[in-house]
Amino acid sequence: MLFFYVEFIFKIYLGLLLFHIDFIDNATASANCRPAEYSTEEGCCPNCPPGMYVSRHCTGFRSTSCASCTEGTFQDGDNGREQCFACKHCDAGLGLKVKKSCSSTSDAVCEVLDGFFCSDSNGGGCRAAQRHTVCSPGQYIGQRGTADKDTECLHCTDGTFSNGTSTSCQNHTKCESKELKQVKPGTDSTDSECGEHSPQTGLVAGVIPGVILLMALMGLIIAIIHRKNKRGKETQLFAVGAEKTDITKRVWRLAVCPDSLLPSLPVTSPLMSTDSPA
């Protein structure tokens, strides 16, 4: 009975020893895989070529089974991976476009659209882009943006202006030098506004007092004429009234003493006849 237990324990020990030895051998084999092999639990297996992935690992009786990458995926070298990498998407909404299309053996390469610059580059391509800064009115473009650099905006100095689209600021127009008058002063984003000197300005300035004086004279003349007319009418009314009074008096006298108003006529003697006595 004792012999049976000893034999059983010896078998267990021997099994553990063999397992340990096999584990060490496999680990050593994995660590010693050649460049064209990859490590598995079973040991070293041959790699799959670019454009393919491992569909089944090798065993002691068969080699590695490989399958081609599907559309939209790639493997760019010998590998022991069980799946391919997803191709990069060049999103126009993010300011990117395709520089090189994706294939089963290489990833897509993106570049920036016009008006954008790359903010995250990699291996001759771009992963992220930003739109070029637009200069504001009062600024000018110091350096135009490129595919690798943003636009540089600088502020205009006093006496100059820019709407933000030019590469330099312009001097404000001197209205006096053009024999014009300044209507509105310039700012850092707008030019001075000039206008013609109105020839009627001085004329109006001189005509207005003249018109006022003329109106005053006309008013005075009208007042004098009106006053004279008023006096003439009063004199005429007085004369008419006096005449009416004289006529009334004469009519009354005629009615009372009609003979008093008759003209004195000479008294003549009757004609005498030469044939008869007087």
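Please treat every number below as a calculation from the coordinates, not as lab data. Since the model is a prediction, treat every value here as computed from it, not as a measurement. We place every Cβ from the backbone using ideal geometry, glycine too, and count neighbours over all the protein chains shown.
Could you give the nm distance between label points at PHE61 and ARG231, where each point is 7 Å from its Cα heading toward the beta carbon?
Output for this residue pair reads 15.4 nm.
Let's test the formula: R0 of 51 Å, r as the Cβ-Cβ distance of GLU179 and VAL211. What FRET efficiency results, to the nearest 0.05?
Given R0 = 51 Å and the Cβ-Cβ separation, E is 0.95.
FRET efficiency for ARG131 and HIS89, Cβ-Cβ distance as r, R0 = 22 Å, nearest 0.05?
Efficiency, rounded to the nearest 0.05: 0.70.
Put a dot 7 Å past each Cα toward the Cβ at SER119 and ASP78; how far apart are the dots in nm?
Spacing of the two 7 Å Cα→Cβ label points: 4.1 nm.
Could the peptides 172-182, 85-95, 210-220 be put in order, highest first, of the mean number of other beta-carbon atoms found within 10 Å of their residues?
For the peptides 172-182, 85-95, 210-220, the packing ranking is 85-95, 172-182, 210-220.
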